[in-house]
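Here is the structure we will look at.
The values are calculated or read from the model by the stated rules, or taken from the named source; none is laboratory data. None of these values were measured; they are calculated from a predicted model. Every residue, glycine among them, receives a Cβ derived from its backbone with ideal geometry; neighbour counts consider all protein chains shown.
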Amino acid sequence: MKLETVALAFLAATAIGGMAWVFIYPLLSGERQAEKRRASFAMPEPVRSSADRVQRSRRQQVESSLKEIEERSKKEKKRPLSSRISQAGLSWSKQKFFLISGVLGFLAFAITFLANGGLLVALALAFAAGFGVPRWLLGFLKKRREKKFLAALPDAVDVIVRGIKAGLPLFESIKVVAADAPQPLKGEFLAIIETQTIGIPLGEACARLYERMPLPEANFFGIVVAIQQKSGGNLSEALGNLSKVLRDRKKMLEKIQAMSMEAKASAAIIGSLPPVVMMLVYITTPQYIALLWTEPVGRIMLAGCVLWMSMGVLVMKKMINFDF
């Protein structure tokens, strides 16, 4: 009986002590006040300062500008034929381009067929001359124009920076570049001036430079100007940093070209050896090499060699071309 009483008393004391530890001790020890104080420090400020609000709105404007430019560049990946013709620096219409392509294809077909080259060979050459040659010409002219643009763009950005530091507005500085810069940079900046003159904001006009000159450097210039027009900031410093980035990219491109020149020379030598040897053999003993185009087996072997050589040249070209 005594043991039961002692056990009940012990259990009752333990229960009362536990309840007191849970409910009374935090009030006496100050833990509740400490938790409230920590929570007050962890809570965000209900009222932000004006500088924080300005910085937050500027960040939102920059993010929205970048999203707009990224969405526009995604939509413009598949460019129509008229855009590719203008990017090549030509003033042709699509009808004129198709007419020239058709004439080239017809001439290639007629010359090959009249020279007893066979119907299939004539059709293949007509397709290559009518479909491949004009588009290759557009790509070649476009790349040559882009190289000239990249060579003059850093100097043009430096001129704009110096004009802004001297107190000229951005539009007037762009006019100075458009007056003195070489082609095609002069024409592109004149297009910016004409676009802004008809009522389009200057930031959007500069952002449209990427439509006519699809280069990362042109996109950088449009992004910097568009963001500055929307959110403000030190434009001369931003364009100065852009000029440094453009020159660094140019140095990197030249370094890549110098390092890949050995591989390009090897590809050129390996690719030119078979036709050179074939020509030399034809000059010395034509009846020996003529079996390649007079016999059916020789034609198959010649077609296979051309296919394999083309695949090898394309693979080597892919290996030595770097995108950065």
Cβ-Cβ under 7 Å pairs, at least 6 apart or on other chains, the stretch 210-232 side surrounded by 18 or more Cβ atoms within 10 Å (Cβ to Cβ), far side in a loop (DSSP other than H, G, I, E, B) and of a type in the set (Lys, Arg)
none
Answer yes or no: is there a residue in the stretch 113-132 that is under 27 Å from Leu209 (Cβ atoms) and either basic (Lys, Arg) or within 28 Å of the chain's Cα centre (by Cα) (or both).
no
Say whether the condition of being assigned by TED's automatic domain parsing to the domain that holds Glu146, among the polar types (S, T, N, Q) and under 23 Å from Thr294 (Cβ atoms) is met by at least one residue in the stretch 103-112.
yes
Search the stretch 156-191 for residues being of a type in the set (Asp, Glu) and surrounded by fewer than 16 Cβ atoms within 10 Å (Cβ to Cβ), and hand back the single one that is nearest to Arg212 (Cα to Cα).
Asp180
In the set Ile174, Ile223, the lone residue that is within 19 Å of the chain's Cα centre (by Cα) and over 23 Å from Asn321 (Cα atoms) is Ile223
Within the stretch 117-141, which residues are surrounded by 14 or more Cβ atoms within 10 Å (Cβ to Cβ) and farther than 22 Å from Ser86 by Cβ?
Gly117, Val121, Ala122, Leu123, Ala124, Leu125, Ala126, Ala128, Ala129
